[in-house]
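Working notes, structure below.
The values are calculated or read from the model by the stated rules, or taken from the named source; none is laboratory data. Please read these numbers as outputs of a predicted model, since none were measured by experiment. When we count neighbours, we look across all protein chains shown, and the Cβ atoms used for this are built from the backbone with ideal geometry, even at glycine.
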Amino acid sequence: MIGEQGPGGLSLRGIARKAGVTAPAIYAHFEDLDSVRRALIDSTFADFTEYLRSKGDGQRNPVDRLRALCRAYADYGVAHPQQYAVMFGPLVKPATDEVAESIIEMPGGEAFALLLNAIRACIDAGASRSRHPYDDAIAVWVALHGYVGLHTGIPDIPWPPADALLDTLVERLAQLS
């Protein structure tokens, strides 16, 4: 359903129709549309995180691991724009009125932790001059998010090769030596 209509097309009636049940039957599993959205966001972030992990885990060198994670992030966002919009679009709302103290505590925090830990590993290996890994992870994340948004939003401009552009972003923002 998300792939066909985007995250804005999500409705209990539409979910019921796709599932072949009546709309009231959905309430046996979900309290309301917001709980469906939270479940969808959590599930999509879990898939995204597993995809990132699968691309980074095979890399022994911390710089190669960081680059692999960043390429995987960009590849996923470009290849799966509807799922990406579920994770980072208008559906994302805090589950409570409390503000999370850090990104790691928010939906998708585990994916961000992979990026943060990869930068920390580069620092520990002497491959990064970063003194503020959290801030640098935020900067890399913002750049990757911008890359995905621009690449999917304006696909027809003459983009430089993705690997070279992503390597430049990562090298500069993670302060790789």
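How about the range 53-80: which of its residues are closer than 21 Å to ALA125 by Cα and of a type in the set (A, V, I, L, M, F, W, C)?
Those that are closer than 21 Å to ALA125 by Cα and of a type in the set (A, V, I, L, M, F, W, C): VAL63, LEU66, ALA68, LEU69, CYS70.
When the range 141-177 is examined, which residues are found to be acidic (Asp, Glu), surrounded by fewer than 15 Cβ atoms within 10 Å (Cβ to Cβ) and part of a helix (DSSP H, G or I)?
Looking only at the range 141-177, we keep the residues that are acidic (Asp, Glu), and these are 156, 163, 167, 171.
Then keep just the ones that are surrounded by fewer than 15 Cβ atoms within 10 Å (Cβ to Cβ); that gives 156, 163.
Hit for the range 141-177 is ASP163, nothing else.
Surrounded by fewer than 17 Cβ atoms within 10 Å (Cβ to Cβ), on the phi < 0 side of the Ramachandran plot, modelled with pLDDT under 90 and in a helix (DSSP H, G or I): does that describe ALA39? Even if it seems obvious, please write down each step before you answer.
Details: surrounded by fewer than 17 Cβ atoms within 10 Å (Cβ to Cβ): yes; on the phi < 0 side of the Ramachandran plot: yes; modelled with pLDDT under 90: yes; in a helix (DSSP H, G or I): yes.
So ALA39 passes the test.
Give the residue that is surrounded by the most Cβ atoms within 10 Å (Cβ to Cβ), with candidates limited to residues of the range 106-140 that are polar (S, T, N, Q) and closer than 15 Å to ARG172 by Cα.
Residue satisfying both the conditions and the ranking: SER128.
With (1) farther than 30 Å from ALA118 by Cα; (2) under 19 Å from the mean Cα position of the chain (by Cα) as the list, and PHE45 as the residue in question, which single condition is left unmet?
If we test PHE45 against (1) farther than 30 Å from ALA118 by Cα; (2) under 19 Å from the mean Cα position of the chain (by Cα), just (1) comes out false.
Please work out which residue is farthest from LEU176 (Cα to Cα), limiting yourself to the range 84-140 and to residues that are assigned to a helix (DSSP H, G or I) and modelled with pLDDT under 75.
We begin by selecting, within the range 84-140, every residue assigned to a helix (DSSP H, G or I); these are 84-88, 103-105, 109-124, 133-140.
Subset that is modelled with pLDDT under 75: 103-105.
Values: ILE103: 23, ILE104: 23, GLU105: 27 Å.
The qualifying residue farthest from LEU176 (Cα to Cα) is GLU105.
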